[in-house]
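Data first, discussion second: the structure below is written as structure tokens.
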Amino acid sequence: MTDKIIVPLSLRVLNRIAKHYSVTVVGIVLFNVCSLFTSIILKDFDWLAASGGVTTIFGVLLTVSHSVPKTDEEVQYYVASIFPKSGDGIMSELPTARGVNLSIPEVSEDNEALMKNTAKKVLKIESIGVTLTIIGTLLWAYSGFLTNFIYPYKCLTSC
């Protein structure tokens, strides 16, 4: 009897974030805009800095989303590759270079097109994730300084 491994909730959420990355990006941009308006109204740019932290989190999630198993099949494959049935080591069922022809199987044009489209989508999501991570980190690190720069007399009266 084999126990079925259930995909954790966090990985299922990550799968939805990666699948609907455009909604995630729009949500993050709206969140940052609301944080900017809150910062202007309250004359405190720590709100914008905090939104940079959230942006960084979602950027990292998008960046790593392709390499984390998110479906039952991916989890089963992942577990099987780490804990193979034989004791010959990881991936022992795969042919080795010892006397076995390791020629690459022919890929049909349909599969090749699907592979290219998948690769383009993964690279697009990764690049969006890296961009969000950089922007979020810069917002997080430096927007708190805008309060004293834009409202220099605020600290003199309230500190």
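Could you compute the FRET efficiency for residue 145 and residue 30, with r as their C-beta to C-beta distance and R0 at 25 Å, rounded to 0.05?
Approximately 0.55, to the nearest 0.05.
Please compute the modelled spin-label separation between residue 119 and residue 131, points set 7 Å along Cα→Cβ, answer in nm with one decimal.
Spacing of the two 7 Å Cα→Cβ label points: 2.2 nm.
If r is the Cβ-Cβ distance from residue 108 to residue 64 and R0 is 41 Å, what FRET efficiency results, to the nearest 0.05?
The calculated FRET efficiency here is 0.85.
A short reminder: the numbers here are calculations on the coordinates, not readings from a lab. These numbers come from a predicted model, not from an experiment. Virtual Cβ from ideal backbone geometry, glycine too; neighbours counted across all protein chains shown.
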